[in-house]
Amino acid sequence: MRKSIFFIIFILCAAAQLFLSVSSVVFNERVLARGEVHRFRTVPVDPYDPFRGKYVDLDFDLSLTSSDSGRYQDGEKVFVILERGADGYSDFSSISDTSPSAGNFIKMEIDYISGDEIYFNIPFDRYYIDEDYAEEAERAYQRESIGTETYIEVRVLNGRSVIEELFLGGLPVIDYLKS
Amino acid sequence: MNKKRFKWILREFEILKSEGVISSEVFADVQNYYQRKSESSDNKAKILTVFGILGGLLIGGGIILLLAHNWSSFSRIIQVSFFLAPLIAVQLISGGLLLKNNVRHIWYETIGIIYFLLIGAAVAMVSRIYHTGGELESFFLVWAIGGLPVLYLLKSDAAAVLYLAVITAWAAAAQSSGGSAVLYWPLFAAAALKLILSIRNSGSRYYRAFIEFLLIASVSASLGLSLEKVLPGMWILIYCSFFVLLFLAEGLYQGNRSRIPAAGISGTIGISAMAVLLTIDSLWEDVGFSFIREAHRFHQTAAAADYVVFGILVVLILFVILSRRVKLNRVNLMFSSILIPAAGGFLFPAYGAVFFHVFTLLFGYSLTIKEIIKDKQRFFADTGLVLLFLSMLIHLAIYDGFSAHWIFLYSCFLIVIFIKKGLFSGSCGFGTDKAWRAVCFISGILILYGLSFSRFDLPIFPDDELLSIGFLLSMIISGGAAAWYLIMLFKRERSSAIIISVFPVVVLLTIFTGMSGTLLYNLYLFAIGIAVVLKGISGKSMKTANAGIIISIALIITRFFDVDMSFTARGGAFILIGLLFVLFNVYFSRRLKREELK
């Protein structure tokens, strides 16, 4: 009797573990399938994570100038509204502490505030890459970063954002490296 | 055959003896026979345990490494199946284990380790397939909470140990990213409960000591990590009183002779380490009430927890002392007196380092005085001395935070101790004293360990001539000492002796041919680790066996985090060697079962 209860608890936990991993997969896939595309200019390098492998560290020149920056605090979670510029690249246009009912926005944490300038912990700051290509990618970036286009495409849905692809010289990074 | 049955049979024979059916000589023979048999099956069970744990670590770690290769050329759905398939497989195996009766406990441990590691792999894979943020903090937290059921449902202590490592890493990540790590304490309680329950059931004093050491290590790390840093230098008071508390608390168990003094040893290690560490000037900069931090990112309210922790420690120390079960003898006073320079330094930070220089020299010297250290406490003194000796050597070698005249003083100190311990002490002369043997063994293994890194592929000598002579000399001395120790250890076993004597050939070969010896050094050190384990088990020395386990696991952990080798190569090697261990265990446990049935 005790054993069967124990086993049922085990099944429930195992199911919860599976559910959590599958649901996060589904969640991300949904953003990728239905989300809107935004491009952000990047500054990549090649660091290392012992559990998740090599990645390109994405750095952005993105911040927000707001006159009511005094209302916010470091570490606060806010909604940042996106705006696509004429050149096709997106930028942060305004900030809100409640979830906007429409439009494209991302939920982010404020990193720090300096004067009117608000800086964020951007949720898409890593692009994981096959270790065979990681070093190559970094060198390619050094070559290409001046003059050509390096950017990422991000899908945005209901405040969540998922990276779709990193582009070097206008090509997806793996295609670029293969060519 | 298990112990219960041995006991049952012996009871029956005892009845036969008392009834006069068999003579007492026959009874003694029977008793001897079963004692031997029980010991040999005990030893075999221990080997199964060690191999099962190593196998689990290697397979689980190997899978994480293989997945971390980032197979980005495969489609996302295939990448998802890469981590889901092993996870589901290990869940099915665990379910099978739970349904089966009479499973050897070690299989729960092996599968528990793999299961726990695969949860981490799943969390890591989701975040890397979808490139979601790089915060290690949330990664460790999700891993720990997702893996928590494994500890209780598979009754796996090894998984609990991994869980402790993960939550400690989480506390470190949370602290470094500016968050608060107070959540560590409830997370810690979840694992501590499991581990304390299992040491109460186990009854083995070695196991008990091992778990106590682990819990103390995790708390020691997190004590600092969960501090709020609002009052700079608070850590000095908290750590010193924590280690003093551990040292004194050992006295509560004085009556228990079979106990391994885990708390006392941890206290000794902590006090000796603090004694050397706090002589560094830079640690005393900006300490004290005049440097309270008020910036927004320091949580003022959470900081109250720091004062509470310190208060609890002080109350506990007073409680231990006032309980009168701990005598305030000279040794206890000597170790506790570290609180004096700590408090003095906290109040007058400008003199903190000086206070500690004086304390450390006095403390180190008094450890060598026979009249103070009675035989019973020799062990603590030796541990403290070895630590002081090694850390001073490291200090001298890296030349950090020490001004020239302190270096001079420390060198004189070391020479005095050398002469005192080595030449003039009759009973513990040079080379036979346990403390010195430990120094030899540790330094030798450290050299091999250094060689196992691929970046030290060829022996590199510093450019400076004097330094390189010193380097060479220390290599020869400690290498020789280690070899001597190992030869003594394996005197009677020819096969192990051959393995050891192969080593110089390997070194010479790599030096003269310039070929890479990394793989050989690694296999060699791993083989030594396993040989030391087996030696310890057959010679009934848990200390030796534990040293071997530490060598093997340290090697596995460093190769896991080694940046210089590719993920696929390491992952493949890990899984292969891990499978060998598991296959050996499958074969060996079947044989053991047959033996037991006989």
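The values are calculated or read from the model by the stated rules, or taken from the named source; none is laboratory data. Please read all numbers here as calculations on a predicted model, not as lab measurements. For neighbour counting, all protein chains shown are included, and Cβ atoms are generated from backbone atoms with ideal geometry for every residue, glycine included. Calculation scope for accessible area: heavy atoms of the full protein, side chains included, ligands and nucleic acids excluded. Shrake-Rupley method; radii C 1.70, N 1.55, O 1.52, S 1.80 Å.
Some points to look at:
- Cβ-Cβ FRET estimate between A:R34 and B:L576, R0 fixed at 41 Å, reported to 0.05: 0.40
- For the stretch B:10-39 versus the stretch B:209-250, the gap between their alpha-carbon centres in whole angstrom: 51
- Cα-Cα over 19 Å, subset of B:K327/B:K543; B:K7/B:K37; B:K44/B:K535: B:K327/B:K543
- Solvent exposure, largest accessible area first (probe 1.4 Å, DNA, RNA and ligands not counted), of B:I64, B:I575: B:I575, B:I64
- Amide N proximity, the stretch B:306-320 versus B:Y253 label position 7 Å along Cα-to-Cβ, cut-off under 18 Å: B:317, B:320
- With all protein chains in place and ligands, DNA and RNA left out, the 1.4 Å accessible area ranks B:D306, B:D564 as B:D564, B:D306, largest first.
- Length gained when the stretch B:V358-B:I553 is fully extended (0.36 nm per residue, less Cα-Cα span): 66.4 nm
- With DNA, RNA and ligands ignored, accessible area of B:H69 (1.4 Å probe; Å², nearest 10): 10
- With the convex hull constructed from alpha-carbon coordinates only, the stretch B:6-52 shows a mean projected area of 3.2 nm² over all directions.
- Prolate/oblate/rounded label for the stretch B:525-589 (Cα gyration tensor, a/c 1.5): oblate
- Debye intensity ratio I(q)/I(0), log10, the stretch A:63-121, q values 0.14, 0.25, 0.30 Å⁻¹ (C-alpha model): -0.36, -1.03, -1.32
- Take the Cβ atoms of A:D175 and A:I8, set R0 to 51 Å, and the FRET efficiency comes out at 0.55.
- Both radii were evaluated on the Cα set of chain A; the Rg over Rh quotient, with Rh as the Kirkwood radius, amounts to 1.07.
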